[in-house]
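Colleague: I am attaching a structure below and will ask some questions about it afterwards.
Every read-out reported here was derived from the displayed coordinates using simple, explicitly stated rules and does not represent laboratory data. The structure presented is a predicted model; accordingly, all values stated were derived computationally and were not measured. So basically every Cβ, Gly included, is an ideal-geometry build from the backbone, and we count neighbours across all protein chains shown.
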């Protein structure tokens, strides 16, 4: 039995945004039933060119369903450029972590989103480069795909690579090649100069923080709640504690606690301050 977080189990048992979109702007499909996991993700942009709706269909385990569900929540309200910067690590972190052996599900979500964005921009149905060298023939994983998961997740062993993208999980004939890619990535990182430390983020004044919170609520949060007949009212801001009240269909909803923490608080932490806590003033 896998040790799943409560958030993973919630997204597995109550997946968000399952289904199809009529005339989507972008559609991406990754994986295959033969490999055990398959995911189709589609999105539609609103008049402001932000992702207004996103849906998914998947065949897979609890981690695959939860990762897909979480990803749809993460990208709603974002521009295409903002959405394509979402990493598999951010998907896993959003869920409170995934078992090591299930990290490939978060990678599959990120790849499906990239395929959908590629389809939106080019009309093509695949982002696979036919000239990419396939390292793992059992699962069709290319050298570039392995290099990417190694770099983005600081992987150091073949087993870790298998957990993240399934490469090496079949016959094992590619293990030596995967290890060479790991060694090459490590050597390149050692040889490259380290970037200068980022400048500390400028501290917002109380007035600036209040205006930014109001802006994010109006731009990122309220439109999504209003789609389901709900709304939000900003009650008070004291330090990093933001008091809100649900209105309309959101008031008294059984999912209000999840909406407050997993959507509203997550958005304000993303755009305003990572230490913000949102409380519900009924």
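Colleague: Taking the Cβ of each residue in 103, 210, 108 as the centre, tally the other Cβ atoms inside 10 Å and list the residues starting with the fewest.
Modeller: By the 10 Å Cβ count, ascending, the order reads 210, 103, 108.
Colleague: Using a Förster radius of 25 Å, what is the FRET efficiency between residue 204 and residue 235 based on their Cβ-Cβ separation? Nearest 0.05, please.
Modeller: 0.80
Colleague: Among DSSP beta bridges lying fully in the stretch 206-280, give the percent that are antiparallel, nearest 5. Kindly include the intermediate steps, with their values, before the conclusion.
Modeller: On the way: 8 of 12 bridges.
Antiparallel bridges: around 65 percent, rounded to the nearest 5.
Colleague: Using the basic label-point model (7 angstrom from Cα toward the beta carbon), what is the residue 5 to residue 188 distance in nanometres?
Modeller: Label-label distance for residue 5 and residue 188, simple model: 3.0 nm.
Colleague: Here's something else I'd like to know. Run the quick spin-label model on residue 176 and residue 214: label points 7 Å from Cα toward the beta carbon, then report their separation in nm to one decimal.
Modeller: The two pseudo-label positions are separated by 6.7 nm.
Colleague: How many nm is it between the label spots at residue 156 and residue 257, if each spot is 7 Å from the Cα in line with the beta carbon?
Modeller: In this crude label model, residue 156 to residue 257 measures out at 3.9 nm.
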